[in-house]
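One structure is given here, and the rest of the page talks about it.
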């Protein structure tokens, strides 16, 4: 007997912000403490299950130039280009 597990999952009304991030964009990264910083995205790394879904971003801090990897969930805003 086939069971449809997908019928009980409700779809999100809006996509998470990190799904729209591309390399070259400037984003706001918020830590678990609530502190935030602005960073430029250098590289977007996909997940193991679906390589097209971003899970990690390599970013350069705008103020310090420090380069590190950030979990995609910590990206809260995309800074618009002027």
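Below are the figures for this structure:
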| item | result |
| --- | --- |
| Residues that are within 16 Å of residue 24 (Cβ to Cβ) and either part of a loop (DSSP other than H, G, I, E, B) or without any contact (Cβ under 8 Å) to a residue 40 or more places away in the chain (or both), drawn from segment 62-82 | 62, 67, 80, 81, 82 |
| Subset tally (residues that are surrounded by fewer than 10 Cβ atoms within 10 Å (Cβ to Cβ) and within 17 Å of residue 43 (Cβ to Cβ)) for segment 63-82 | 1 |
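Each value in this text was obtained by applying a stated rule to the coordinates, not by laboratory testing. Keep in mind that this is a model prediction, so the values were computed, not measured. For neighbour counting, all protein chains shown are included, and Cβ atoms are generated from backbone atoms with ideal geometry for every residue, glycine included.
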